[in-house]
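Working notes for the structure below.
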Amino acid sequence: MSLTLALRVAPQVPMEAEALTFDRVADLSESDIAALPLLHGNEKAAVGDFFKVSGRANGEVHLEGDLGRVKYLGAGMSRGRLVIHGNAGMHLGSAMIGGEILVKGNAGDWVGPEMLGGRIIITGNAGHMVGSAHRGGTIGMRGGEIIIHGNAGNETGNGMRNGLIAIGGNSGDFTGVNMRAGTIMALGGLGWRSGAGMVRGSIVSMQPAELLPTFSYDCDYRPVYLRLYLLYLRELGMAVEDAWIEGEYRRYSGDSVELNRGEILLLNRQKLS
Amino acid sequence: MLTRLSGGTVYDPMNGVNGEQRDIYIRDGRIAPPPADPETAAVNLDLRGKVVMAGAIDPHTHIGGGKVNIARALLPEDHRPDPVPRTTITRSGVGHAAPSTQATGYRYAEMGYTACFEPAMLPANARQAHMEMADIPIIDKGAYVMLGSDDFLLRMLAAGKSQREINDYVAFTITAAQALAVKVVNPGGISAFKFNQRSLDLDEKHAHYGVTPRQILHTLARAVHELGVPHPLHVHGCNLGVPGNVETTLKTIAGVEGLPLHLTHIQFHSYGTEGDRKFSSGAARIAGAVNRNPNISVDVGQIMFGQTVTASGDSMAQYRNHAHAHPKKWVCMDIECDAGCGVVPFRYRHQKFVNALQWAIGLEIFLLVDDPWRVFLTTDHPNGAPFTSYPHLIRLLMDRSFRNECFATLHPDAQKMSTLGSLTREYSLYEIAIMTRAAPAKSLGLTDRGHLGAGAAADITVYTPHADRQRMFEKPDYVFKDGELVVKNGRITRVVDGATHTLRPAYDRGIEKSLREYFDRYMTMRLDNFRLSDAEIENDGRGRLIVHRGRAA
């Protein structure tokens with residue numbers, strides 16, 4: 001029986017639960033897990049005040065209930081698998097190093113901010129600032145993968161330096177703003193001003209997008225790496241059409257305010273057979 | 001009600017008490033003389049085996065003003081690992097390098113501190129600084145107003161105005177800003193930076209005003225002395241952090257011609273240029289000069305290893321340092337041409353040659369200055385390290401073997417460049433009581449603070465002696481603030497409001513005429529709005545002013 005923490009008392013205000021990572025609970029008894037500290041609003045609390053703890057971790061930890069107000073789930077996690085059966089709050093997987101977080105629901109803002117490695121999968125939608133730098137910081141996610149089957153909010157991948165963010169639906173405004181490197185694949189549409197201030201890296205979309213005037217058209221081509229990425233996303237269960245794998249992409253380079261070293265690839269729908 | 005603290009081992013240097021078993025009596029928030037019959041005390045606290053000192057005083061800690069708020073806003077990642085949850089009596093906040101206001105008060109009190117002084121308050125920003133400090137609970141506060149790079153003073157100097165007129169301006173500014181003392185930061189340098197000068201040595205002329213730092217220092221030191229301000233001019237000298245600045249510091253000491261001067265965070269101004277790396281310790285020369293010149297006092301500004309944030313009015317130095325920012329972000333500001341600030345996050349590393357030697361230089365100064373009445377214990381919070389590192393610093397001073405163990409972990413080249421390993425001095429409890437209580441109180445003119453004589457404010461800290469001095473000083477058994485028990489076993493038990501210490505030197509109000517014209521022409525506020533009234537500090541229900549009289553000049 002794997003370790004399960006079932007929410008039995010819904011938090012009245014946002015709760016910070018950095019203790020709820022695989023690393024922290026994996027080797028603890030039920031009573032020790034129940035005694036781990038939480039911050040409920042600005043008051044100290046314990047895991048046991050809100051969760052019913054049962055079982056022992058066997059490579060997986062399950063969290064059950066609507067955790068939309070519970071922040072920092074899986075923060076700093078380096079191994080194991082955290083499965084959230086319901087919604088997750090802000091700062092999910094903050095500065096995560098390794099392991100996997102699976103959210104069977106929606107996630108709040110700041111999914112995987114400044115993460116270094118590992119994988120976050122969200123079956124529903126995510127909020128703003130996916131894989132971004134914290135406010136005041138300049139570097140966003142440096143590695144790992146964030147896979148969102150639904151839509152994502154604004155400023156996805158703000159300042160990201162490495163890794164992959166894949167969004168099955170639409171991505172909001174300022175997708176990839178200030179990104180240094182890495183790949184953002186928004187299989188739905190891109191919002192306004194995508195790639196503003198990007199230094200390097202790739203932003204990919206299967207829908208037409210209105211780009212900033214600081215991006216310039218280069219060519220139409222079929223990048224090999226994109227096929228590999230799309231096949232990989234299909235393996236992860238995302239709805240990837242054959243036409244996208246075989247299709248041709250219009251390449252735009254930018255942002256020219258940062259010397260045109262980044263790229264935005266948009267599927268050339270006119271050439272779809 | 002009379003409270004008796006009986007049988008504690010008392011260290012009260014101001015009254016010459018060195019580890020004697022005494023009873024201390026408290027009545028109405030003050031230390032009371034012993035009654036004829038000790039049994040009349042309504043409360044008796046048995047302190048046998050405990051160490052009793054006055055509440056500690058931090059004479060140089062950046063706890064209020066714009067730069068502290070900028071530092072807070074700049075470093076969310078520094079706050080994250082250190083949340084301060086609310087309790088039934090305390091409010092929530094965050095800690096580490098630039099703690100929130102409430103956490104600042106709680107943590108100082110929990111270490112046995114009962115008064116702290118913000119050393120760099122811009123006159124134009126005094127209102128905000130006082131409002132912010134009003135939010136700090138328990139401890140007494142006060143601030144030193146920054147002059148020396150302000151346009152009005154530099155104009156006066158350039159125009160050759162008399163010392164008397166400058167004294168009037170300085171006194172007006174102290175009064176208007178509700179300050180306790182005067183600080184000068186990189187004299188003239190902050191202004192010169194805005195005229196594209198990137199350094200300004202002691203005898204170098206300001207490109208626009210044509211005045212030198214030496215002129216500014218001497219004029220302000222004389223003004224402070226003649227106005228009877230108890231604390232000498234608080235000097236953050238030229239060339240902070242620059243290798244070879246020991247020469248400038250020595251020239252500054254000589255150039256003041258016997259006037260009282262307090263050289264702050266002297267560690268950052270004690271660097272030579274010897275060795276392969278052209279960076280060496282000037283501690284011995286600085287300590288020698290301090291020992292020879294009784295008009296000079298210093299605080300050290302010891303660095304400790306780890307993450308912190310440097311927040312300084314010296315925008316010229318901070319511009320120089322910003323390339324070393326960790327994390328890589330910084331802020332530089334100017335307000336009303338009064339002065340400015342630079343905020344640069346910084347991580348000191350023990351395996352980095354320069355940082356390791358800085359650590360050693362600070363300790364060398366502590367150990368080589370003979371007179372503990374003229375060297376105060378500071379880390380220039382948060383510039384050298386957060387104030388929460390004081391107990392660790394006290395252990396370094398009191399425990400030679402521990403100090404040597406730490407020294408042995410430093411960058412090997414730094415060890416070779418330092419004499420620290422050969423210094424055998426260990427501070428006694430009496431000397432620690434001097435440098436953390438009696439000496440700062442005496443220097444600041446706080447006649448009823450920093451000692452345990454009859455009539456003093458009942459600010460008292462009680463420790464359990466322990467061979468590990470860090471453990472002893474980080475968690476006092478009891479802390480009394482104005483007679484109220486505020487900390488027990490290192491935890492806040494009651495939250496009270498501290499007072500604001502201020503000074504009112506006399507001056508000729510004729511200076512206000514020219515100031516009014518200047519404000520109307522150049523400033524974004526009127527002179528009457530520049531002035532901070534007593535009511536603004538007292539009327540929010542938490543503030544209380546203690547107005548000190550100046551020393552007879």
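Values computed for the structure shown
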read-out: Estimated inter-spin distance, residue B:371 and residue B:454, nm [label 7 Å along Cα→Cβ]; value: 3.0
read-out: Mean-position separation - Cα centroids, segment B:198-264 and segment A:18-57, in angstrom; value: 57
read-out: Residue-wise HN-Hα coupling along segment A:123-140, computed from phi with Karplus coefficients 6.51, -1.76, 1.60 (Hz; x: Gly, Pro); value: 7, x, 9, 10, x, 7, 6, 5, x, 8, 7, 5, 4, x, x, 10, 10, x
read-out: Local net charge near residue B:356, Cβ-Cβ under 14 Å (Lys/Arg +1, Asp/Glu -1); value: +4
read-out: Members of B:67/B:205; B:329/B:475; B:251/B:442 lying beyond 31 Å, as alpha-carbon distances in this model show; value: B:329/B:475
read-out: Choice from A:246, A:258, A:43 showing the highest fluctuation, given a GNM over chain A with Cα pairs closer than 10 Å; value: A:43
read-out: Percent of Cα pairs exceeding the 14 Å cut-off, where the set is segment B:1-61; value: 58
read-out: Sorted largest first, extent of segment B:54-492 alpha carbons per principal axis (Å); value: 58, 50, 43
read-out: Chain A: relative contact order in percent, alpha carbon pairs under 8 Å with at least 6 residues between; value: 10
read-out: Acute angle (nearest 10 degrees) that the helix A:224-235 long axis makes with the longest principal axis of chain A, alpha-carbon atoms; value: 30
read-out: Neighbour-count ranking [beta-carbon atoms within 10 angstrom, fewest first] of A:120, B:216, B:511; value: B:511, B:216, A:120
read-out: Percentage, to the nearest whole number, of Cα pairs in segment B:427-516 over 20 Å apart; value: 52
read-out: Residue B:504-residue B:20 FRET efficiency (beta carbon distance; Förster radius 35 Å; 0.05 resolution); value: 0.40
read-out: Difference of contour (0.36 nm per residue) and Cα-Cα distance, residue A:181 to residue A:12; value: 56.9 nm
read-out: FRET efficiency, residue B:466 to residue B:274 (Cβ-Cβ, R0 45 Å, nearest 0.05); value: 0.70
read-out: Check: segment A:185-273 dipole with +1 on Lys, Arg Cβ and -1 on Asp, Glu Cβ, in debye; value: 60
read-out: Model label zone, residue A:222; criterion: amide N under 20 Å from point 7 Å along Cα-to-beta-carbon; scope segment A:234-255; value: A:234-235, A:240-252
read-out: Alpha carbon Rg of segment B:236-380, scaled by the compact-globule rule 2.2 N^0.38 Å; value: 1.04
read-out: Principal semi-axes in Å for segment B:500-548 [√(5λ), Cα gyration tensor, largest first]; value: 25, 15, 6
read-out: For the protein assembly as shown, with +1 on Lys and Arg beta carbons and -1 on Asp and Glu, the positive-most of B:9, B:398, B:61 along the dipole; value: B:398
read-out: Amide H contacts of residue A:94 (H built 1.01 Å from N, under 5 Å, at least 5 apart or other chain); value: A:75, A:76, A:112
read-out: Per-residue mean of C-beta atoms belonging to partner chains within 10 Å, peptide B:69-79; value: 2
read-out: Ascending count of other beta-carbon atoms within 10 Å, so fewest first, for B:268, B:402, B:346; value: B:402, B:346, B:268
read-out: Shielding by partners, peptide B:80-86 (average Cβ within 10 angstrom, other chains); value: 5
read-out: For B:425, B:395, order by how many other beta-carbon atoms lie within 10 Å, fewest first; value: B:425, B:395
read-out: Calculated P(r) of segment B:265-346 - Cα pairs past 19 Å, %; value: 53
read-out: Alpha-carbon centroids, segment B:360-412 and segment B:302-325: separation in whole Å; value: 19
read-out: Å³ per residue enclosed by the Cα convex hull of the protein assembly as shown; value: 186
read-out: Gain upon complete extension [residue B:425, residue B:30; 0.36 nm per residue less C-alpha separation]; value: 138.6 nm
read-out: Cβ-derived FRET efficiency at R0 30 Å, residue B:549 paired with residue B:161, nearest 0.05; value: 0.65
read-out: Separation of the residue B:73 and residue B:493 label points, Cα + 7 Å toward Cβ, nm; value: 4.0
read-out: Residues listed by number, segment B:304-325, amide nitrogen under 11 Å from residue B:196 label point at 7 Å toward C-beta; value: none
read-out: Label-point gap, in nm, between residue A:271 and residue A:42 - each point 7 angstrom along Cα→Cβ; value: 5.9
read-out: Aspartates and glutamates whose Cα lies under 15 Å from that of residue B:183, excluding same-chain neighbours fewer than 8 positions away; value: B:118, B:150, B:299, B:314, B:338, B:380
read-out: Student exercise, chain B dipole from Lys, Arg, Asp, Glu Cβ charges, in Debye to nearest 20; value: 700
read-out: Rounded Å value of the spacing that divides the Cα centres of segment B:86-135 and segment B:1-76; value: 20
read-out: Dipole-positive endmost among B:428, B:361, B:182 within chain B (Cβ charges, Cα centre); value: B:361
read-out: Cα-based equivalent ellipsoid, segment A:66-271: semi-axes from gyration tensor eigenvalues, Å; value: 27, 18, 14
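FYI, it's all coordinate maths here, none of it is from the lab. The model shown is predicted, which means the values in this text are computed figures rather than measured ones. Here Cβ is always computed from backbone atoms with ideal geometry, including for glycine, and neighbour counts include all displayed protein chains.
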